[in-house]
């Protein structure tokens, strides 16, 4: 059996940030990580992370690896690779879960499990995810050099991309039979300079070329879409944490200090907000670490 005062499930940006606060409070910390960081596809495509102060233009895997090295310098921190499963609250009030052959018991939990993205079923889209297909303009819009940008609608929330993205280039909203704009939507798009294309998409080719059902090909510098997000681990549900619904899917409901509906369970990162990025994940993780620590005293 592995015992810890604090167990952090998820070793990406939010979990690492939470762990750093607890380590610096000289507390016993166990980080459990499945190795499925959400933005790993950016690394696989040779891309970089943007918008995180002092780390702009650095590969996301490098940021995560350096953060892990820094965290593991603290003598009270342990790391366990694997998937956390079968969580429950034990009779003594501690939390129990399994990681492979290990049984883990912890007094406090920080859930930083991240999310899994479900992309629209467009041929060629998934292969370009993180390379020329994105979801966050603040993270990747600038690099498209003010040129043509495609927006592949997956739901009504595509209207946000259609209104925002003219600040980064010249957008075309591909409805792709997934979204029917209202008259007010179309007027807003026209005011912002966003074109609307109703012809369905056949596939994506080359970097970001959109091949339409009528034979036309529209060349784009990059594409944005609205993936459905799914909490990457069932741990929160197994413990009975309340969930909330956002425009992209369910997320773990937390209060202003990252406390879930279950006492002594905190949550942070993309699994605990309607949308997010690296900077927000780090901030949420820091708050979760502070709050988990303070919960031992107040």
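The values are calculated or read from the model by the stated rules, or taken from the named source; none is laboratory data. Treat the numbers as computed from the prediction; the structure is a model and nothing was measured. Heads up, the Cβs are rebuilt from the backbone with ideal geometry, glycines too, and the neighbour counts pull from every protein chain shown.
Assorted remarks:
- Among the criteria (1) within 28 Å of the chain's Cα centre (by Cα); (2) in contact (Cβ under 8 Å) with a residue 24 or more places away in the chain; (3) surrounded by 18 or more Cβ atoms within 10 Å (Cβ to Cβ), the one residue 175 does not fulfil is (2).
- Filtering region 6-32 to residues that are outside any loop (DSSP other than H, G, I, E, B) and either more than 19 Å from residue 235 (Cα to Cα) or outside the structural domain of residue 105 (by TED's automatic domain parsing) (or both) leaves 17, 20, 21, 22, 23, 24.
- Residue 193 passes every criterion in (1) crowded, with 17+ Cβ neighbours inside 10 Å; (2) touching a helix residue (DSSP H, G or I) at 6+ places or on another chain (Cβ under 8 Å); (3) within 22 Å of residue 164 (Cβ to Cβ) apart from (1).
- For residue 289, the conditions (1) under 23 Å from residue 105 (Cα atoms); (2) modelled with pLDDT under 95 are fulfilled apart from (2).
- Which listed residue, of 46, 51, is assigned to a loop (DSSP other than H, G, I, E, B), assigned by TED's automatic domain parsing to the domain that holds residue 278 and closer than 21 Å to residue 251 by Cβ: 51
- Scanning region 241-281 for residues being out of contact with any strand residue (DSSP E or B) (no Cβ under 7 Å at 6 or more places or on another chain), touching a residue at least 12 places away in the same chain (Cβ under 8 Å) and buried (at least 23 other Cβ atoms within 10 Å of the Cβ) gives a total of 2.
- In region 127-165, the residues that are assigned to a helix (DSSP H, G or I), in contact with a strand residue (DSSP E or B) (Cβ under 9 Å, 6 or more places away or on another chain) and surrounded by fewer than 16 Cβ atoms within 10 Å (Cβ to Cβ): 127, 143
- Residue within region 37-50 that is surrounded by fewer than 18 Cβ atoms within 10 Å (Cβ to Cβ) and within 15 Å of residue 17 (Cβ to Cβ) present: no
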